[in-house]
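Reviewing the structure listed below.
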Amino acid sequence: MALAFFDLDRTLLAVNAGQLWVKREMRLGYIGRWQATKAAAWLFGYHLGFSRVEHVLEGAIASLAGGREEEIAARTRVFYAEEVAATYRPRARDVVEAHRAKGDTLALLSSTSIYLAEPVLAALGIEHALCNRFEVKDGLFTGRPLGPLCFGAGKAVHARDLAERLGERMDDATFYTDSASDLGVMELVGTPVAVNPDPTLARVARKRGWRVEDWGVPARARAGRPL
């Protein structure tokens with residue numbers, strides 16, 4: 001048995017769910033154009049692995065202060081069903097099932113929210129959600145993260161903590177991701193795998209001899225329909 005960590009955006013999914021969420025929230029009138037612009041800047045930085053993105057993420061979490069948790073959770077469930085569920089990469093489920101067949105422990109390791117992580121775990125049968133969680137009091141967000149941010153160096157903290165709790169070794173673990181922002185975790189595990197990697201990660205993977213895999217795109221994309 002070993003740990004298998006999976007990134008979400010552009011790894012298990014062929015899309016960045018954060019981008020879809022921002023567009024949807026603006027379209028439905030939940031956020032304004034300025035908020036959407038700031039969110040887009042964060043997503044751009046995330047994709048390229050920029051440092052200091054944590055500060056932007058903290059600001060996004062702070063903006064939730066006073067909002068009702070159940071409202072966000074409900075909107076996220078609808079968002080998943082309508083815009084995310086059909087965007088899994090074709091090979092994603094096969095790889096997850098191959099690790100399950102070996103008896104490996106499966107974990108989502110993503111900067112997404114727990115509200116989007118939950119339906120993903122249910123769909124793929126993944127056991128653990130290592131993601132961003134938010135402090136809630138009396139059903140309202142306080143605007144503070146719950147625990148360390150699950151991004152960049154924070155992802156490594158979450159991964160190590162789970163390995164320690166389960167008595168597993170990071171040297172035996174596998175991590176699948178598309179993003180250079182996850183290099184810290186890739187350097188920790190015994191088997192780092194670059195899945196449809198961004199240009200920076202592709203260069204690093206070639207240089208270090210890491211596996212590079214193409215998990216494909218959903219049928220709707222091959223048919224020319226937007227994801």
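Taken together, the values in this text are just the output of simple stated rules run on the coordinates, not laboratory data. The shown structure was predicted, so the numbers you read here are calculated from the model rather than taken from an experiment. Positions of Cβ are generated from backbone atoms using ideal geometry, with glycine treated the same way; all protein chains shown enter the neighbour counts.
Brief remarks on what is shown
- Percentage relative contact order, the chain, counting C-alpha pairs under 8 Å, at least six apart: 26 percent
- Contact order, relative form, for segment 96-184: 22 percent (alpha carbon pairs under 8 Å, 6 or more residues apart, mean separation divided by residue count).
- For the chain, the longest site-free run once trypsin sites (Lys or Arg not before Pro) in DSSP loop states with at most 14 other Cβ atoms within 10 Å are removed: 103-168
- Equivalent-ellipsoid semi-axes for segment 83-157 (Cα gyration tensor, √(5λ), whole Å, largest first): 26, 15, 11.
- Simple label model, 7 Å out from Cα along Cβ direction - ARG208 to ALA153, nm: 1.7 nm
- The charge dipole of segment 3-222, taken about its Cα centre with unit charges on the Cβ atoms of Lys, Arg (+1), Asp and Glu (-1) only, comes to about 660 debye.
- More than 21 angstrom apart: percent of Cα pairs within the chain: 55 percent
- Computed from Cα positions, the angle between helix 33-48 and the longest principal axis of the chain comes to roughly 10 degrees.
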